[in-house]
Amino acid sequence: LFLICSILTPVNANAAGLYAKYAVLIDADSGRILFGNNENTAVSMASTTKIMTLIIALENCDKNFVATTSTYAASMPDVQLNAVTGEQFIINDLFYSLMLESHNDTAVAIAEHIGGSVKGFAKLMNQKAAELGCNKTHFVTPNGLDSDKHYTTAYELCLIADYALKNSGFRKIITTPSYSFSNISGSKQYSVNNKDAFLTHYNGAIGVKTGFTGKAGY
């Protein structure tokens, strides 16, 4: 098993022929770095943040928990599920919204119900990062919107992904092509589709998570 993590997309490819400014290739069995390019530089991580969001959620709440969308969650910028204030969901359904289409409002709804607040959830994220030896990683949000205090490295992102992939529930969600669900009342139906093209472009690949913000790039 090989883990490949890359962050940012500059205009020109570097000497190794990569378009990623920060990248690392790791043999997951031994932990040996096979290739690195600025792999220990701390940078913005965009929606790859949601790898940690999901693993914290899976480890800290029952999948049948009912989550209610707060006004703050509903105010998140695109990409959104477009849930409205007060709308309720089985939290397991929101996990698919989080990872397949990377919905920012869903991330906050999940965080608030597990951590009590976004700040409380970020504390859980940072505790887990420290447990995994990620000393150059710091989380502020559950969705990865740009913040000067929200960052990781390509190498530490690989460590987080490697840990998450050991969870069978995590693997099931991120490799699901599409998923449909409704809110608790049944008044609205939702359908989400996996936006990770890597899953279909490379046989046997587990894409894990993509992301984009203006600061992080792709």
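The residue list 90, 110 contains one member that is modelled with pLDDT of 95 or more, open to solvent by 10 Å² or more (accessible area, probe 1.4 Å) and within 30 Å of residue 198 (Cα to Cα), which is 90. With respect to the conditions (1) within 21 Å of residue 180 (Cα to Cα); (2) in a loop (DSSP other than H, G, I, E, B), residue 18 lacks only one, and its number is (1). Counting the residues of the range 184-207 that are assigned to a loop (DSSP other than H, G, I, E, B), open to solvent by less than 90 Å² (accessible area, probe 1.4 Å) and under 18 Å from residue 104 (Cβ atoms) gives 2.
With respect to the conditions (1) open to solvent by 20 Å² or more (accessible area, probe 1.4 Å); (2) of a type in the set (A, V, I, L, M, F, W, C); (3) more than 20 Å from residue 213 (Cα to Cα); (4) part of a loop (DSSP other than H, G, I, E, B), residue 83 lacks only one, and its number is (1). Of everything in the range 164-176 that is open to solvent by 70 Å² or more (accessible area, probe 1.4 Å) and part of a helix (DSSP H, G or I), the residue that is farthest from residue 132 (Cα to Cα) is 172.
Among the candidates 179, 96, the residue that is touching a residue at least 24 places away in the same chain (Cβ under 8 Å) and assigned to a helix (DSSP H, G or I) is uniquely 96. Checking each residue in the range 88-127 for being in contact with a helix residue (DSSP H, G or I) (Cβ under 6 Å, 6 or more places away or on another chain) and over 22 Å from residue 78 (Cα atoms) picks out 114, 115, 124, 125.
Do we find that residue 150 is closer than 28 Å to residue 18 by Cβ and modelled with pLDDT under 95 in this structure?
No: the conditions fail for residue 150.
The values are calculated or read from the model by the stated rules, or taken from the named source; none is laboratory data. Note that the coordinates shown come from a computational prediction; the quantities given were computed from them, not determined experimentally. Don't worry about glycine lacking a Cβ; one is built from the backbone with ideal geometry, like all the others, and counts go over all protein chains shown. Only protein heavy atoms, including side chains, enter the accessible area calculation; ligands, DNA and RNA are left aside. Shrake-Rupley method; radii C 1.70, N 1.55, O 1.52, S 1.80 Å.
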